[in-house]
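The values are calculated or read from the model by the stated rules, or taken from the named source; none is laboratory data. Remember, it's a predicted structure, so these values are computed and weren't measured experimentally. Glycine also receives a Cβ, built like all others from the backbone with ideal geometry; neighbour counts cover every protein chain displayed.
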Amino acid sequence: EKYCRYHRDHGHDTEEYRQLKNQIEDLIRKGHLRKYVDRDAPQGRRERQSFAVQQVHHSKRLRTGGEEEVITFLEVDYEGVRIPHDDPVVVTLLVELFTMKRILINSGSSADILYKHAFDQLRIPADQLKPVKTPLVGFAGETIHPLGSINLSVVVGMSPRQTQVEMTFLVVDIPSPYNAIVGRPGLNLMEA
């Protein structure tokens, strides 16, 4: 029986819903739904609506908010931090409408990685994985054969400053304290 993770209901599956979201997003971009899109919605309503259509392809980004701002740190931000430090950067992101914690940012990684334990929690059927023939080679020369790759919607930031991208993750079945790794491909998509 068909089941949609987003609606948590039966009758259609998640992939059909993704296709519908893609079609609606395309109609919005082309201006066909202009009379139904409220650009001046109150902030609370806009935040809820921002999760309605969340599928964006590689070259297209959804940015909300105004001008780009410079990120600065004050002395108070360094309280409790020993300088210099080399702590890893670990973030929480919205992945396929789920809040995913313990995502490592690794600018040294040439791939975006999703660990199998996190993939399983997304409840995406394994048959959605696309085959990957090339193994991953680690820093020490060890090779890992991915279970496959999958494109997932990722939202970075908080309203009113968000960026949404579709990232291609390689799914690997190895132990890790992290749920995912965002490497250079994802960082480039996020323009981070």
Would you check if I174 is in a strand (DSSP E or B) and farther than 30 Å from K2 by Cβ? no
Given the condition touching a strand residue (DSSP E or B) at 6+ places or on another chain (Cβ under 7 Å), more than 19 Å from R102 (Cα to Cα) and in contact (Cβ under 8 Å) with a residue 60 or more places away in the chain, answer yes or no: does some residue in the range 129-139 qualify? no
Got at least one residue in the range 103-125 being among the small types (G, A, S), over 15 Å from S176 (Cα atoms), surrounded by 11 or more Cβ atoms within 10 Å (Cβ to Cβ) and over 17 Å from the mean Cα position of the chain (by Cα)? no
Within the range 141-152, is even one residue in contact with a strand residue (DSSP E or B) (Cβ under 8 Å, 6 or more places away or on another chain) and farther than 15 Å from D173 by Cα? yes
Does R123 satisfy the criteria of being part of a loop (DSSP other than H, G, I, E, B) and not small (G, A, S)? yes
What residue, of I181, I113, I150, is farther than 19 Å from V90 by Cα and either in a loop (DSSP other than H, G, I, E, B) or touching a residue at least 12 places away in the same chain (Cβ under 8 Å) (or both)? I150
Subset of the range 76-102 [among the acidic types (D, E) and either farther than 15 Å from T168 by Cβ or surrounded by fewer than 14 Cβ atoms within 10 Å (Cβ to Cβ) (or both)]: D77, E79, D86, D87
Of the residues A118, A192, which single one is over 21 Å from N22 (Cα atoms), in contact (Cβ under 8 Å) with a residue 12 or more places away in the chain and part of a loop (DSSP other than H, G, I, E, B)? A192
List the residue pairs whose Cβ atoms are under 8 Å apart, where the first residue sits in the range 12-38 and is closer than 28 Å to I124 by Cβ and of a type in the set (D, E), the second is modelled with pLDDT of 70 or more and assigned to a helix (DSSP H, G or I), and the two are 6 or more positions apart or on different chains. E15/Q128
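Condition check ((1) over 23 Å from D127 (Cα atoms); (2) out of contact with any helix residue (DSSP H, G or I) (no Cβ under 6 Å at 6 or more places or on another chain)) across all residues:
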site	(1), (2)
V156	yes, yes
P160	yes, yes
M167	no, no
I181	no, yes
R184	yes, yes
